[in-house]
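*Asks:* I am attaching a structure below and will ask some questions about it afterwards.
The values are calculated or read from the model by the stated rules, or taken from the named source; none is laboratory data. Since we're looking at a predicted model, the values are computed, not measured. Here the Cβ positions follow ideal geometry from the backbone for every residue, glycine too, while neighbour counts run over all protein chains shown. Ligands, DNA and RNA are excluded from the accessible area calculation, which covers all protein heavy atoms including side chains. Shrake-Rupley method; radii C 1.70, N 1.55, O 1.52, S 1.80 Å.
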Amino acid sequence: LSHLYNIVDKNAQTIIFKRNQAQEKLNAYMRELKEQYGYVRLIILKARQLGVTTDRLLDGLDDCILKTNQNIVITAHNREKQKEIFQKVKYSYQKVPEALKTDKGIRYKPKPKYDNVNELYFPNNNSKIQVSLDSRSWTPSKLHITELAFRTDAREMMAGTLPSMPKQSDIVIETTANGVGNYFYEMRYKYYGRDDWEFKTIFIGRWFADEYRVTLQPKEVIKLPAELAHLDALDLDDEQKKRYLQQYDILGRDVFQEYPSTPEEAFLTTGDTVFSLQLVKNLSILPYKEDEKIAKLRIYAPPKDNCLYGIDTAEWGKDGDNSCIKVRDQDLNLLACYYGTIPPDMLCEVIDRLIELGYKGIIGIERNNTGLTTITKAKDYPWYSMLYAERTIDKISNQPTRKYGRQTNTKTRPLMINEYEEAIRRGFITQVDERLRTEMYSFIYNEKHKPEAQEGTHDDAIMADAICYQMRKELAYDMSRALQNESE
């Protein structure tokens, strides 16, 4: 691909196409997927003007010229873009030499039987490449979907497209972000971090562009402001950091949306966020290993005494929210976490596995409809006594009583969130997982100044971790009371 095809560059000059750094990164990852699974299912979140679409359409054209029975489909998000992409395909085809010298002899460029406004068909090898608005009428061998986040009919288009795809065909979805709450955001959120045969996700930041660097002056030292400190954790050299710093000086915080360096930046909310985005960027994300018995149960550190559990339960099912478990130690280091769409009663099996591994402590379960199911099922397990119970006064008997679970209502929820935000702001909590950090980017104050997840986003990780932090307070209270009793 870096020798044969001509494209028009940004300076309106015809040049031989050569893959840039972003395109090389993408294709290296696609080769890994092909070797592992035999096909590619990939969701690409990217910055603008990295040439991903150009790379994919030339890859498809190459298949059609050199292979038989290929059906390459590229879908555009609107008719204007459809025409523009097809003109690129057609121009590159026209510039291909009539004869190609290969190690197997001379290969002649196939002649199209017809070419219309969106398709080239080559009858001698029965291959074709087409740029369309959807793929309902075809069975592609390769499907590339561009700018899915900008399609108003994305859900309907994908529902009509995916079932028709052969199992071994490649599907690549690439788009820049378009806020939160749309179909692409939901789809990426669903598959992000998963390790199965369905879709993988990858992020290609603007700094992967070859030109995204500025030469340093002699003895120049790059000093990043606190809001850009997260760049030090990325694989960037000082010339790339200098370029980013220049954009930051010009655009201010708008640089995060225009030239995102992380996936979270690409989805930055426009609302008033509860958490300081500067602090959120700098929270540590630790390596983990997945448990051998329970899928999606991540282990970050060995168990310690008096572990703290925060558990947010949810309705389960195809479109249900995730139930979430957070486990920390007394110093609020992250030990383990779990996300999954699972029946509330079966959540006890995950807790039981954590107890088996040695994570014993105080277990805080949100007391709501689904949480009551989990609490009731917990009676069947020997660790039931570890469940947190609120101390209340019975209204009828006027006697002290205990209710298992952590009640969150219109009065207690804002206070819990405020205390959790303070824990983040004051540096008590410094370790998170990537999903929790993503939720923090879109957790905002609504019009009534109440904290909530922005429309189309989630907060199950935040709620679980906030409950976990409350358990630290309860543990401190219990220990203080025990010391007092011992003294007496």
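*Asks:* Considering only region 12-28, I want to know if a residue exists there that is acidic (D, E) and touching a strand residue (DSSP E or B) at 6+ places or on another chain (Cβ under 7 Å).
*Replies:* no
*Asks:* Could you tell me whether Y183 is touching a strand residue (DSSP E or B) at 6+ places or on another chain (Cβ under 9 Å), open to solvent by 40 Å² or more (accessible area, probe 1.4 Å) and among the aromatic types (F, W, Y)?
*Replies:* no
*Asks:* Give me the pairs: first residue in region 223-238 and of a type in the set (D, E, K, R), second residue open to solvent by 60 Å² or more (accessible area, probe 1.4 Å) and assigned to a helix (DSSP H, G or I), beta-carbon distance under 7 Å, and six or more apart or on different chains, which are they?
*Replies:* Matching pairs, first to second residue: E227/Q278.
*Asks:* Let me ask something else. So which residues in region 281-302 are closer than 30 Å to L228 by Cβ, of a type in the set (A, V, I, L, M) and either part of a loop (DSSP other than H, G, I, E, B) or touching a Leu at 6+ places or on another chain (Cβ under 8 Å) (or both)?
*Replies:* Passing the criteria: L283, L286, A301.
*Asks:* Step by step: first the residues of region 408-436, then only those that are touching a Ser or Thr at 6+ places or on another chain (Cβ under 9 Å) and not hydrophobic (A, V, I, L, M, F, W, C), then the one that is most open to solvent (accessible area, probe 1.4 Å). Which residue is that?
*Replies:* Here the answer is R425.
*Asks:* Has region 231-243 got at least one residue that is over 28 Å from G427 (Cβ atoms), open to solvent by less than 30 Å² (accessible area, probe 1.4 Å), of a type in the set (D, E, K, R) and not in a helix (DSSP H, G or I)? Break it down into steps so the answer makes sense when it comes.
*Replies:* Keep residues of region 231-243 that are over 28 Å from G427 (Cβ atoms), which gives 237, 239-240, 242-243.
Checking which are open to solvent by less than 30 Å² (accessible area, probe 1.4 Å) leaves us with 240, 242.
Add one more test, that the residue is of a type in the set (D, E, K, R), and what stays is 242.
From the residues that got through so far, the ones that are not in a helix (DSSP H, G or I) too are none.
No, every residue in region 231-243 fails to be over 28 Å from G427 (Cβ atoms), open to solvent by less than 30 Å² (accessible area, probe 1.4 Å), of a type in the set (D, E, K, R) and not in a helix (DSSP H, G or I).
*Asks:* Out of the residues in region 24-54 meeting the condition of being surrounded by fewer than 23 Cβ atoms within 10 Å (Cβ to Cβ) and of a type in the set (D, E, K, R), tell me which one is nearest to the chain's Cα centre (by Cα).
*Replies:* R41
*Asks:* A follow-up question, please. Report yes if some residue within region 374-387 is without any contact (Cβ under 8 Å) to a residue 24 or more places away in the chain and part of a loop (DSSP other than H, G, I, E, B); otherwise report no.
*Replies:* yes
*Asks:* Does region 316-336 contain any residue that is open to solvent by 10 Å² or more (accessible area, probe 1.4 Å), hydroxyl-bearing (S, T, Y) and modelled with pLDDT under 95? Write out each step before concluding.
*Replies:* Residues of region 316-336 that are open to solvent by 10 Å² or more (accessible area, probe 1.4 Å), as a first pass: 316-322, 330-331, 333.
Now narrow it down to the ones that are hydroxyl-bearing (S, T, Y): none.
Checked region 316-336: no residue is open to solvent by 10 Å² or more (accessible area, probe 1.4 Å), hydroxyl-bearing (S, T, Y) and modelled with pLDDT under 95.
*Asks:* Okay, next question. Checking the condition of a type in the set (S, T, N, Q), surrounded by fewer than 19 Cβ atoms within 10 Å (Cβ to Cβ), under 22 Å from R56 (Cα atoms) and touching a strand residue (DSSP E or B) at 6+ places or on another chain (Cβ under 8 Å), which residue from S169, S164 passes? Steps first, answer last, please.
*Replies:* Details: S164 fails: touching a strand residue (DSSP E or B) at 6+ places or on another chain (Cβ under 8 Å).
When all the criteria are applied, what remains is S169.
*Asks:* Might you let me know whether region 259-278 holds any residue that is part of a helix (DSSP H, G or I), more than 25 Å from E24 (Cβ to Cβ), among the aliphatic types (A, V, I, L, M) and open to solvent by 40 Å² or more (accessible area, probe 1.4 Å)?
*Replies:* no
*Asks:* Within region 139-155, how many residues are in a loop (DSSP other than H, G, I, E, B) and farther than 13 Å from E174 by Cβ?
*Replies:* Residues meeting the conditions: 5.
*Asks:* Has region 395-417 got any residue that is modelled with pLDDT of 90 or more, in a loop (DSSP other than H, G, I, E, B) and on the phi > 0 side of the Ramachandran plot?
*Replies:* Yes: region 395-417 contains one or more residues that are modelled with pLDDT of 90 or more, in a loop (DSSP other than H, G, I, E, B) and on the phi > 0 side of the Ramachandran plot.
*Asks:* On the basis of being open to solvent by 10 Å² or more (accessible area, probe 1.4 Å), outside any helix (DSSP H, G or I) and of a type in the set (K, R), does K90 make the cut?
*Replies:* no
*Asks:* Given the options F150, F208, name the one that is under 21 Å from M30 (Cβ atoms), surrounded by 13 or more Cβ atoms within 10 Å (Cβ to Cβ) and either modelled with pLDDT under 80 or not acidic (D, E) (or both).
*Replies:* Among F150, F208, only F208 is under 21 Å from M30 (Cβ atoms), surrounded by 13 or more Cβ atoms within 10 Å (Cβ to Cβ) and either modelled with pLDDT under 80 or not acidic (D, E) (or both).
*Asks:* Consider I145 carefully, then state whether it is in contact with a Gly (Cβ under 8 Å, 6 or more places away or on another chain), aliphatic (A, V, I, L, M) and either open to solvent by 50 Å² or more (accessible area, probe 1.4 Å) or in contact (Cβ under 8 Å) with a residue 60 or more places away in the chain (or both).
*Replies:* No.
*Asks:* Being touching a Ser or Thr at 6+ places or on another chain (Cβ under 8 Å), open to solvent by less than 50 Å² (accessible area, probe 1.4 Å) and within 21 Å of D459 (Cα to Cα) is true for just one of T341, T374. Which residue is that?
*Replies:* Values: T341 fails: open to solvent by less than 50 Å² (accessible area, probe 1.4 Å).
Result of the check over T341, T374: T374.
*Asks:* Something else now. Look at K111 and say whether it is touching a residue at least 24 places away in the same chain (Cβ under 8 Å) and open to solvent by 40 Å² or more (accessible area, probe 1.4 Å).
*Replies:* no
*Asks:* Checking R48 against (1) assigned to a loop (DSSP other than H, G, I, E, B); (2) more than 21 Å from E258 (Cα to Cα): exactly one of these is not met. Which one?
*Replies:* Condition (2) is where R48 drops out.
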